[in-house]
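Visitor: First the structure, which I've put down as structure tokens, then a few questions once you've had a look.
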């Protein structure tokens, strides 16, 4: 019985681990959203290191606007635990745009970003 429980636990950890890697390392290239709806992107982050996600390029305000950017930390009770930044945008007009984000320490102006992400957003009509 214990072997079955351990095997099931290992399988669950593997499945969630692969899903996490695919979501965080290979995000979907094309996101589809309807006019007036919000679209959110979750990004691994660790504010204790001084890093944070920022817009790498200005938004094309014809198509999207920033609604919010929040940092969430899991309640582990451990110092230095990383969290998640959730960036939410509102779709304004039919078309396509890209959202460029960079993971930086804001005071290190001359340093390249530790990571970058580009999200291709397709905005469609409401049905």
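Just so you know, all these numbers are worked out from the coordinates, no wet-lab data involved. On a predicted model such as this, the values are computed, not experimentally measured, just so you know. Note: ideal-geometry Cβ built from the backbone for every residue, glycine included; neighbour counts use all protein chains shown.
Visitor: What are the equivalent ellipsoid semi-axes of segment 29-124, built from the alpha-carbon gyration tensor (square roots of five times its eigenvalues), in whole angstrom, biggest first? Working shown, then result.
Guide: Details: eigenvalues 141, 52, 18 Å².
Calculated on Cα positions only, the semi-axes equal 27, 16, 10 Å.
Visitor: If each of residue 59 and residue 92 carries a label point 7 Å out from its Cα toward its Cβ, how far apart are those two points in nm?
Guide: Inter-label distance under the simple model: 0.8 nm.
Visitor: Would you mind getting me the FRET efficiency between residue 72 and residue 35? Use the beta-carbon distance for r and R0 = 41 Å, nearest 0.05.
Guide: Values: r = 28 Å, r/R0 = 0.67.
About 0.90, to the nearest 0.05.
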